[in-house]
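Notes follow once the structure below has been shown.
The values are calculated or read from the model by the stated rules, or taken from the named source; none is laboratory data. Quick caveat: nothing in here was measured; it's all calculated off a predicted structure. Cβ placement follows ideal geometry from the backbone for every residue including glycine, while neighbour counts extend to all protein chains displayed. With ligands, DNA and RNA removed, areas are computed over all heavy atoms of the protein, side chains included. Shrake-Rupley method; radii C 1.70, N 1.55, O 1.52, S 1.80 Å.
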Amino acid sequence: GHFPGKPIMPGVLMIEAMAQIAGVLGCYTHGKSPETGHLYVFAGADNVRFKRQVVPGDQLVLEAVPTRARRHIYKFSCRALVDGEVAASADILIAEQVI
């Protein structure tokens, strides 16, 4: 869709992938899950940067490092890498919700 004849991975999907990995890390780190009555949901993204295009055949490797926690809001420094090169980065906010 973005460029006819030159497919790329949309940036919004890279942000979604980083948010998913941050949510999984938050759940795993705190030993909570939907079975224990907790959800970790996307709350925001700050400092989003795109450094290079991701094209078919690239392997996207995701990294998430917890940087801050306050009142059930967790901040993660995330990166999406291709061949060790940063394709995108963002500070992802995840909120813990009791269900």
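Summary of computed values
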quantity	calculated
The stretch 19-99 - charge dipole about Cα centre, Lys and Arg +1 at Cβ, Asp and Glu -1, debye rounded to 20	320 debye
Average accessible surface area per residue within the chain, 1.4 Å rolling probe, Å²	63 Å²
Paired Rg and Dmax values of the chain, which use every Cα atom, in angstrom	14.7, 47
Amide hydrogen neighbours beyond the local backbone of residue 45, cut-off 5 Å, H modeled	93
222 nm mean residue ellipticity, helices alone, for the chain (DSSP H n ≥ 4; -39,500 (n - 2.57); rounded to 500)	-7000 deg cm²/dmol
Separation of the residue 55 and residue 20 label points, Cα + 7 Å toward Cβ, nm	2.4 nm
Estimated vicinal HN-Hα couplings, Hz - the stretch 18-35 in sequence order (Karplus 6.51, -1.76, 1.60; Gly, Pro = x)	5, 5, 5, 5, 5, x, 5, 5, x, 4, 5, 4, 9, x, 10, 7, x, 5
Cβ-derived FRET efficiency at R0 25 Å, residue 13 paired with residue 70, nearest 0.05	0.30
Amide hydrogen neighbours beyond the local backbone of residue 88, cut-off 5 Å, H modeled	51, 80
